[in-house]
Amino acid sequence: MSRDRKETNRPDEVNLTADPKAVQEKRKHQKLSPGDMIYALEMAIACAISYWIITYCLAPLGNKANDLLGGMWAVVATVFVFRDTRAISLSAALARLAATCVSFALCFVYLLFFPFHPEGMAALIGVGTVVMMLLGRREDIVTTGITTAVVMVVAAMSPQDAWQQPLLRLVDTIVGIAIGIACMRIGSFLFVQKQAR
């Protein structure tokens, strides 16, 4: 698998500290390995599982539109954490969870008292940016802003019980992260078992 191969420092690996244009050029001409194909298959399976859990297993909790949105949200979280190495995946999972939690808290409180308004969304994005700066997570500002924008726009499209949207998206994110990490661990375990034979 590509994530495991990268940890073994193969001689043909791309030097990430090199010139970014050279790195990009080298990656364009790299051929796909069997490990790359397995990695892609694992990601596809993880995304299908995330979507299925949200849209079918948790379907009784919401309406069809929420189920579809939730499935998409869980898939996005799965893709977000599906990285080349376990360490990077766990770091991405923490980043995604931190951004979602900050966005959840801000949107939830806002939507308990106010309906969607573009100025309110902009204010929440600004507040979220400051909160992430104070938490020392500047690299997660973009994810927090995107999450806030999506939650607020979805709340505008479903104004009845709009306050539920942040909670639903938090659940979707947690499911997507958990499935992504679990599938990566299972894939890594199977790869190590195969190598040990």
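Derivation of every value follows stated rules applied to the coordinates shown; laboratory data play no part. Everything numeric here is computed off the predicted structure, so don't read it as measured data. Note that we place each Cβ from the backbone using ideal geometry, even for glycine, and neighbour counts take in every protein chain shown.
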* Full-extension gain in nm, Phe108 to Trp163, via 0.36 nm per residue minus C-alpha separation -> 19.2 nm
* To do: At 7 Å along the Cα-to-beta-carbon direction for both Ile146 and Ala48, put a label point, then send me their distance in nm to one decimal.
  => 2.5
* For the stretch 74-90, Karplus couplings with θ = phi - 60° (6.51, -1.76, 1.60), whole Hz, Gly/Pro x -> 5, 4, 4, 5, 5, 4, 4, 9, 7, 10, 5, 10, 4, 4, 5, 4, 5
